[in-house]
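Working notes, structure below.
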Amino acid sequence: MYCDKVVELLKELERSREDTIPPYNNDGINQVLSEMKTLDAEIIDFLRKQKDNLPLDAIRLRRAAIERNKRCLMTYIWTRLQRLKEMRWEIGAILPSDVRQNLSQSEIEWFNNYCKTLVSYMKTIGSDTGLNLTQDTKPPKSLYTEVRSLVDAGKLELESGEVLILRKNSQYMLSRSQAEPLIRQGILEQVRQ
Amino acid sequence: MFVEDLVKGFYDIISKNKILILVNYDVDAICAVKILQCILRFDNIVYVLVPVKTVTELKKAFEEQKVDVKYVVLINCGGTLDIIEILEPEENITFFVVDSHRPTDICNIYSSSQVRVLTPPEDEEKIPDFEDIFNENESSEDEDVDSVEPDDEEESDIVNVNSVEEQQNKRRRLDQSTLIKRRERRRWEENRKKLLFDYTQFSYYGRSAAMLMFDLAWKLHRESVDLLWWGIVGVTEQYILGKTERMRYLKEVELIAGHIGRICDSTIINDDEDNMSQSSMSKPSNTSTQLRIESEKDLLLALYRHWTIECSLRYSMFTAVSLKLWTIKGEKRLKQILAEMGEFWFNNSILIYLRLPLAESRQMYHSMDLGLRKQFYGMMEKISNTHNLLQMTYPSFMLHQGFKTRYQCADYVYSMVATLETNSRENSPTQCFYNTMDSLSRSKKEFLDQGIEKAKWILSNMFRHVQAALDMRQVILAGPFYYLIVQEGTLHSQHYSNPHCLTMLASFALRAQVASSRKIKATRLPLIASATLDSDQDTCLIVGIPPITESMPKSFFGKAFEQVSNKTNIEISLDYFDSSIAKMQTKDRPKFFDALTALLS
């Protein structure tokens, strides 16, 4: 059957969790590409051999298969890029190594370009220092938040210059901007009211 | 030193800086800290909160967190200790003490500025005067006098006088004056010792810390129904766990009723206005969905709104003791009460004539017939008079929230104590602490309901334990006091390694023992309960509770434990903030009881 390979690729992507990126399936993509080439060669073959009595249906079928392959490949790449984009907003400019391993060369390139564009855009907003758009994607209810420490993380320097010591099983009131990255790293846990 | 004005002397100072809050493991302290957190949130004050169980933990937590900290708030801990001596803080650190434990250490009271006690002094405390305890000029010399020979002391006095001639003259004069001085000093010393002994002899509890924090919120105009409710829970804990006497509780209830009038009434008035302006149809639903507190009289039955009436009657300390439910006779009495209830229902309501009240009493309270539920209080009141259950009712508070089950403040207390003391392998004590704290937030009702289930389990086990202890005669009279040892290996004995549970067991056992023995003397005896704390380290926990005839629940065990450990070489660590709770090696326990008997008789 035509197009089996590419559907397999998409299924693989769908089976993975929303917030992760599975390894870039180079083999699968090459197989799909070669399938497309064969189909193309077959069409040209038809055209050459039978000039009068063209098997139009066969050509149309192959043509549709090529189009479908193309669409599906685009979907594959686009979905991956969307996830990567989300990661830029969630995690930040530096990707964890396990994510980085799963990316293809061109994806890394795209990511770097995206970071550059985003940073240069954020610099232009606001008066002088720019505005970090990734910080509060939703308007926060308060600037400070209550957190509990899950591990002995050691010293933390506050924006005011004071030093705070994070010990397991203590509760803190911290500014949201400072607490958020630590919550993402799993060092702190937010206390809901 | 005492802080006169909570806002100026406390809040305005701490609100400028990062603060460290140290909290003891008890319900009152948790309520207090919850209120304080709420207040601090308004001003975005950065704080660090560390729960501490013992003095050792207090020291450790302070050592770890003292970097860059200027203000430390101690909640229900540290008031009875000399903070400066124990923690050895730097000069620029100020301590604010919110502690319901009494007596407050004399050094904390007279500390010039580093330690500030927030609870205002009360008349009953009888704090000794400054002059009687400290002698500014001579205090350092005093110590010298005792150790050094008299002649040397005079020389040391005279060192600053250089001339040799004057020295001899002065010597003669000094001989006279020093003699008088020394006599005075000795008298003063004796007086000091006596005063200090009188002051520290009994340990007891003062005003609830939660209520004090609510006062602060009130003065800052930041009060709300939630904050008031937490304050009420703090006060109720003191009453339910026998930390305060009835009169004091009633006084507090009056104050709270005033607060309720202020906070909850404003909405009702609005509703009345609404009523006038013909929107009466929508009004009732409005009030019933609102969060509100109502004060009403309630029964001293544990958790009966979430349990069956039979169970609640059986396992509540008050009814169990007055009806002597551990005997066969008691069991009959319980049946009789239930039967009378049935009759009562039968006479009063035509609607339910087909139901069997006994069956009703065995189903969950909230699924009982509505008519029965409405009459339950009045009926119990009537029955209580005929069965010698005086003082079964007490003024209490209810939290109404929408159409959900209503909670009485005692329900909260039982649930929180149960949550606080169910540490096991998967739940560390700190985890329990935070679960307890979370169960106060209305968004986390599930913790509260879990706590209620645990509390039922604890109460029923406690009843069985007391029953078994009385049957096996484990409550032993040792001259001037009773003692009860929870043997290791008995069912659920590991549960009593927590101070609150052991205290509850002890007071239950003492009351039960007094009720079942015919001697009048029994009412005047205290009880000591002991349970294994850690079987690996072979340590045990001892709790002393005062006799039931004491009108004020004052305990002299703290001082007695201290003296026993001084006289004998038994190592007793008074590590808990409550001085009548101590920890020691299990093998020393028999020796300890002997020494205590000798001391008290």
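The values are calculated or read from the model by the stated rules, or taken from the named source; none is laboratory data. All figures in this text were calculated on a predicted structure; none of them were measured in a lab. No Cβ is skipped: glycine too gets one built from the backbone with ideal geometry, and neighbour counts run over all protein chains shown.
Among residues of the range A:169-190 being of a type outside the set (Phe, Trp, Tyr) and facing chain B (nearest Cβ under 8 Å), the one that is surrounded by the fewest Cβ atoms within 10 Å (Cβ to Cβ) is A:175. No other residue among B:356, B:370, B:420, B:390 is of a type outside the set (Phe, Trp, Tyr), modelled with pLDDT of 75 or more and touching a helix residue (DSSP H, G or I) at 6+ places or on another chain (Cβ under 8 Å) apart from B:420.
The number of residues in the range A:12-33 being under 19 Å from residue A:104 (Cα atoms) and in a helix (DSSP H, G or I) comes to 11. Scan the range A:137-155 for residues that are more than 9 Å from chain B (Cβ to nearest Cβ) and either loosely packed, with under 13 Cβ neighbours inside 10 Å or more than 21 Å from residue B:40 (Cα to Cα) (or both) and the total you get is 9. Please verify whether residue B:55 is within 14 Å of another protein chain (Cβ to nearest Cβ) and closer than 19 Å to residue B:107 by Cβ, treating the condition exactly as stated. No; evaluated as a whole, the condition is false for this residue.
On the stretch given as the range B:359-398, residues that are over 28 Å from the mean Cα position of the chain (by Cα), more than 18 Å from residue B:452 (Cβ to Cβ) and assigned to a loop (DSSP other than H, G, I, E, B) total 4. Scan the range B:393-401 and give yes if some residue there is within 14 Å of chain A (Cβ to nearest Cβ) and surrounded by fewer than 21 Cβ atoms within 10 Å (Cβ to Cβ), otherwise no. The answer is no; no qualifying residue exists. Being over 21 Å from residue B:560 (Cβ atoms) and in contact with a strand residue (DSSP E or B) (Cβ under 7 Å, 6 or more places away or on another chain) holds for only one residue in B:532, B:490, and it is B:532. Just one of the listed residues (A:124, A:79, A:117) is polar (S, T, N, Q), surrounded by 11 or more Cβ atoms within 10 Å (Cβ to Cβ) and modelled with pLDDT of 85 or more, and it is A:79.
Please specify each residue of the range A:98-136 satisfying the condition of being farther than 19 Å from residue A:181 by Cβ, free of Cβ contacts under 8 Å to residues at least 12 places away in the same chain and in a loop (DSSP other than H, G, I, E, B). Matches in the range A:98-136: A:125, A:126, A:127, A:128. Once the range B:23-78 is narrowed to residues that are polar (S, T, N, Q) and in contact (Cβ under 8 Å) with a residue 24 or more places away in the chain, the residue that is farthest from residue B:216 (Cα to Cα) is B:56.
Only a single item in (1) among the small types (Gly, Ala, Ser); (2) loosely packed, with under 14 Cβ neighbours inside 10 Å; (3) part of a helix (DSSP H, G or I); (4) away from chain A (no Cβ under 14 Å) is not met by residue B:443, and it is number (4).
Being under 29 Å from residue B:309 (Cα atoms), within 14 Å of chain A (Cβ to nearest Cβ) and surrounded by 22 or more Cβ atoms within 10 Å (Cβ to Cβ) is not true of residue B:419.
Conditions (1) touching a helix residue (DSSP H, G or I) at 6+ places or on another chain (Cβ under 7 Å); (2) closer than 19 Å to residue B:205 by Cβ; (3) within 11 Å of chain A (Cβ to nearest Cβ); (4) surrounded by 24 or more Cβ atoms within 10 Å (Cβ to Cβ), marked per residue:
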| residue | (1), (2), (3), (4) |
| --- | --- |
| B:24 | no, yes, no, yes |
| B:29 | yes, yes, no, yes |
| B:38 | yes, no, yes, no |
| B:48 | yes, no, yes, yes |
| B:65 | no, no, yes, no |
| B:70 | no, no, yes, no |
| B:84 | yes, no, no, no |
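Just one residue in the set B:461, B:498, B:435 is within 14 Å of another protein chain (Cβ to nearest Cβ) and either under 19 Å from the mean Cα position of the chain (by Cα) or under 26 Å from residue B:301 (Cα atoms) (or both); that residue is B:435.
For the range A:137-179, enumerate the residues that are within 21 Å of residue B:17 (Cα to Cα) and assigned to a loop (DSSP other than H, G, I, E, B). If the condition is that a residue be within 21 Å of residue B:17 (Cα to Cα) and assigned to a loop (DSSP other than H, G, I, E, B), then A:142, A:143, A:158, A:159, A:160, A:161, A:162, A:167, A:170 are the ones that fit. Under the condition of being of a type in the set (Lys, Arg) and either touching a helix residue (DSSP H, G or I) at 6+ places or on another chain (Cβ under 8 Å) or outside any helix (DSSP H, G or I) (or both), the residues counted in the range A:34-60 number 1. Every condition in (1) closer than 28 Å to residue A:3 by Cα; (2) outside any helix (DSSP H, G or I) holds for residue A:93 except the one numbered (1). Residue B:247 satisfies every condition listed in (1) exposed (fewer than 15 other Cβ atoms within 10 Å of the Cβ); (2) at pLDDT below 85 except (2).
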